[in-house]
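*Asks:* Dumping the structure here so I can ask a few things about it.
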Amino acid sequence: MSKPFLLGELLAWIRAHGPWRWASQGLRARGYSGRTLVTAVPYLWLALFFLLPFLIVLKISVSEMQLAMPPYQPLVSWISDGVIALRISFENYLFLLEDSLYWKSYLNSIRTAAISTVICLLIGYPMAYGIARSPAAWRNLLLLLVMLPFWTSFLLRVYAWIGILKNNGVINNLLMALGIIDEPIVMLQTNFAMYIGIVYSYLPFMVLPLYTAIEKLDQSLLEAAANLGCRPVKAFFRITVPLTMTGIIAGCMLVFIPAVGEFVIPALLGGPDSLMIGRVLWEEFFNNRDWPVASAVAIVMLFVLVIPIMIYQRSQGQQLGAHR
Amino acid sequence: MNRRSHFVTAMMVAGFLFLYLPIVLMIAFSFNESRLVTVWGGFSTKWYGELFRNQQILGAAWLSFKIAAMNATGATVLGTLAGLALARFGHFCGRPLLTGLATAPLVMPEVITGLSLLLLFVAMEQAIGWPEGRGITTITIAHMTFSMAYVTVVVQSRLATLDESLEEAAMDLGARPAKVFFLITLPIILPAILAGWLLAFTLSWDDLVITSFVTGPGSSTLPVVIFSKVRLGVSPDINALATLLVLAVATFTTVFGLYMIRQQKRRDLEVQRAIAANE
């Protein structure tokens, strides 16, 4: 008897009698199947590493700071003889309300993200439209060109702008060499630089969903409108925009939501007065080591973003559902 | 009607210039002799030499590569399973929650994800003693959690455009679901899975914010090292590093893109042949 045959027989026996068969029969008898396993693995992962952490952040945001590692006091403590003390403090949230720095940062983040989103839309829509109306042979190449910056390092692309915007950077050197200005214009560490950074980094996220929506648009609708005497501008706002709305919403949310909590761009391009909530959270955590306040900042940010996130998920569902 | 207007063409050109000019300038200045990054002092490749002698950067790059590869593999498995469940299983118990959990990491601000994962790791270490300290393990878990969302979307949208009749035919012929998946579904969606793997790899390779929260002493990835250097100002060897990374990505993306286009053409041809053979 050769070895492989023995092995094969052994495997067959295990399959017939082994724990696998027993387990799978047992599961099947209770109405479970392979499907349950396929669903359960990512489900458990996300529940453990994405859902549970938020509950912990919520918990720590209502606990008090202490000078130890970890730097927060337990909510539940056993005092003695089975007496359990539960300490919940809303001090951190009150602190956020009292100090104007925090709510100013929230408002400023929302405003900065909203303005950047509008600029991205104004640049991204014509780009996506142009790509979708290009000859078919060009389309893939142009899409690849939009994707390429997205695949290269985000950090390094933000860094590239430092060399362009700083006082002895490319723009100032060029303008001074041409004699247009005598002194360098301060651009780095201003809100202007921050807007450039956000628009530059998030533009691909705007163009891709817009392209998907515009490409699906039926050209004959526009032709029909033109035949009936509709001017192109009117046709654009009455037909093209409403029919590509899912792409517009998806693109805007993909830019707006991460931009609200952006840290890298304000830290590298923004000035000390450009208060962004992502940066405030970072400094609260890393510089002040105040984990409870950082957690409270995160929870409030999450509440601010819940509605945009839900809008995004709905549009995402519509886009995926539309394929069927 | 099919022609683009001049306005659209002009905006497209301007948009692409905006996207590429900074990258082109960065590449140009990586060959600058002068230490003053943006003042041209003659052509030189000395910064590349300096880069390859910088042990800190090389070590960080190797660490980033290991984490990115582990993350991509894990995220691809998890994301493919989630994408399969969302695209093929119809309405099952807990589907809305899974949809929400699977797409939320795509837009969740990184500071929130990073902070919440760190607090989880700290709480877990207190409760069950694992993970011990923070480093490669915690970084990989954190990266898998946010990058599996991207794989899920890629796989789910590929499956949504795929005709289910092939899978149904195999099922009718008596193949068990697992066999149908490995023999029919998997080979067809393999390019999408590969694209998902590459995406997960890049996301991890690039990540600064989440890594900064969940990293520990001695495990500084490449973005963490770059960030601490960049904060101190522009330096020419970072330009050289950026150039190498951009070129690597450009080459890889082009090769992969061409491969995908060729695969698509071959598949179209096969479908045409099959139709012709049936007639």
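The values are calculated or read from the model by the stated rules, or taken from the named source; none is laboratory data. What you see is a predicted model, and the numbers here were worked out from it, not measured in a lab. Glycine gets a Cβ as well: all are built from the backbone with ideal geometry, and neighbour counts include every protein chain shown.
*Asks:* Inspect all residues belonging to region B:41-62 and state whether any of them is of a type in the set (S, T, N, Q) and in contact with a Gly (Cβ under 6 Å, 6 or more places away or on another chain). Write out each step before concluding.
*Replies:* If we filter region B:41-62 for residues that are of a type in the set (S, T, N, Q), which is where we start, we get B:44-45, B:54-56.
Checking which are in contact with a Gly (Cβ under 6 Å, 6 or more places away or on another chain) leaves us with none.
For region B:41-62, residues of a type in the set (S, T, N, Q) and in contact with a Gly (Cβ under 6 Å, 6 or more places away or on another chain): absent.
*Asks:* Continuing with the same structure: Looking at region A:225-255, which of its residues are at pLDDT 90 or above and among the small types (Gly, Ala, Ser)?
*Replies:* Scanning region A:225-255 gives A:GLY247, A:ALA250, A:GLY251.
*Asks:* Only one residue in B:LEU101, B:LEU97 is in contact with a Phe, Trp or Tyr (Cβ under 6 Å, 6 or more places away or on another chain) and modelled with pLDDT under 95. Which one? Spell out the reasoning first.
*Replies:* Details: B:LEU97 fails: in contact with a Phe, Trp or Tyr (Cβ under 6 Å, 6 or more places away or on another chain).
Within the list B:LEU101, B:LEU97, the selection yields B:LEU101.
*Asks:* Still on this structure, I have one more. Within region B:125-148, restricting attention to residues that are modelled with pLDDT of 90 or more and facing chain A (nearest Cβ under 9 Å), which residue is surrounded by the fewest Cβ atoms within 10 Å (Cβ to Cβ)?
*Replies:* B:ILE141
*Asks:* Which of the residues that make up region B:46-64 are of a type in the set (S, T, N, Q) and surrounded by fewer than 19 Cβ atoms within 10 Å (Cβ to Cβ)? Spell out how you get there, then give the answer.
*Replies:* Here is the first cut: in region B:46-64, the residues of a type in the set (S, T, N, Q) are B:54-56, B:64.
Hits for region B:46-64 are B:ASN54, B:GLN55, B:GLN56.
*Asks:* Which of the residues belonging to region B:218-234 are assigned to a helix (DSSP H, G or I) and of a type outside the set (S, T, N, Q)? Spell out the reasoning first.
*Replies:* To start, the set of residues in region B:218-234 that are assigned to a helix (DSSP H, G or I) comprises B:222-231.
Once the filter is applied, which keeps residues that are assigned to a helix (DSSP H, G or I) and of a type outside the set (S, T, N, Q), region B:218-234 yields B:LEU222, B:PRO223, B:VAL224, B:VAL225, B:ILE226, B:PHE227, B:LYS229, B:VAL230, B:ARG231.
*Asks:* Within region B:230-242, does at least one residue satisfy the condition of being buried (at least 16 other Cβ atoms within 10 Å of the Cβ), within 12 Å of chain A (Cβ to nearest Cβ) and free of Cβ contacts under 8 Å to residues at least 40 places away in the same chain?
*Replies:* Looking for residues that are buried (at least 16 other Cβ atoms within 10 Å of the Cβ), within 12 Å of chain A (Cβ to nearest Cβ) and free of Cβ contacts under 8 Å to residues at least 40 places away in the same chain, one finds at least one in region B:230-242, hence yes.
*Asks:* So if I check each of B:GLY100, B:GLY114, B:GLY74, which one is assigned to a helix (DSSP H, G or I), within 11 Å of another protein chain (Cβ to nearest Cβ), buried (at least 23 other Cβ atoms within 10 Å of the Cβ) and at negative phi?
*Replies:* Details: B:GLY100 fails: buried (at least 23 other Cβ atoms within 10 Å of the Cβ); B:GLY74 fails: buried (at least 23 other Cβ atoms within 10 Å of the Cβ).
Step by step, each of B:GLY100, B:GLY114, B:GLY74 is checked, and only B:GLY114 is assigned to a helix (DSSP H, G or I), within 11 Å of another protein chain (Cβ to nearest Cβ), buried (at least 23 other Cβ atoms within 10 Å of the Cβ) and at negative phi.
*Asks:* Something else now. Test of understanding: among A:TYR106, A:TYR93, A:TYR125, which residue is at the interface with chain B (Cβ under 9 Å from one of its Cβ atoms) and at pLDDT 85 or above? Step through it out loud before you land on a result.
*Replies:* Working: A:TYR106 fails: at the interface with chain B (Cβ under 9 Å from one of its Cβ atoms); A:TYR93 fails: at the interface with chain B (Cβ under 9 Å from one of its Cβ atoms).
It is A:TYR125.
*Asks:* Say whether the condition of being in contact with a Leu (Cβ under 7 Å, 6 or more places away or on another chain), among the polar types (S, T, N, Q) and buried (at least 24 other Cβ atoms within 10 Å of the Cβ) is met by at least one residue in region A:224-240. Spell out the reasoning first.
*Replies:* Taking region A:224-240 first, the residues in contact with a Leu (Cβ under 7 Å, 6 or more places away or on another chain) are A:235, A:239-240.
From the residues that got through so far, the ones that are among the polar types (S, T, N, Q) too are A:240.
The next check asks that each one be buried (at least 24 other Cβ atoms within 10 Å of the Cβ); those that pass are none.
No, that holds for no residue.
*Asks:* Suppose the filter is touching a Ser or Thr at 6+ places or on another chain (Cβ under 8 Å), among the basic types (Lys, Arg) and more than 20 Å from A:PRO272 (Cβ to Cβ); does A:ARG157 pass it?
*Replies:* Values: touching a Ser or Thr at 6+ places or on another chain (Cβ under 8 Å): yes; among the basic types (Lys, Arg): yes; more than 20 Å from A:PRO272 (Cβ to Cβ): yes.
The answer is yes for A:ARG157.
*Asks:* So, one more: Go over the candidates A:ARG238, A:ARG279 one by one and state the one that is assigned to a helix (DSSP H, G or I) and more than 18 Å from the chain's Cα centre (by Cα). I'd like the intermediate steps shown before the answer.
*Replies:* Values: A:ARG279 fails: more than 18 Å from the chain's Cα centre (by Cα).
That would be A:ARG238, the only listed residue that is assigned to a helix (DSSP H, G or I) and more than 18 Å from the chain's Cα centre (by Cα).
*Asks:* May I ask you to say which residue of B:LEU17, B:LEU86 is under 28 Å from the mean Cα position of the chain (by Cα), within 12 Å of another protein chain (Cβ to nearest Cβ), closer than 30 Å to A:ILE162 by Cβ and in a helix (DSSP H, G or I)? So that I can check it myself, show each step before the final result.
*Replies:* Details: B:LEU86 fails: closer than 30 Å to A:ILE162 by Cβ.
One residue alone meets the criteria, B:LEU17.
*Asks:* Taking region A:191-230 as the region of interest, how many residues are in contact (Cβ under 8 Å) with a residue 24 or more places away in the chain and part of a helix (DSSP H, G or I)?
*Replies:* 25
*Asks:* Then there is this: I'd like to check something: does region B:251-267 contain any residue that is within 11 Å of another protein chain (Cβ to nearest Cβ) and at positive phi?
*Replies:* No; the residues of region B:251-267 include none that is within 11 Å of another protein chain (Cβ to nearest Cβ) and at positive phi.
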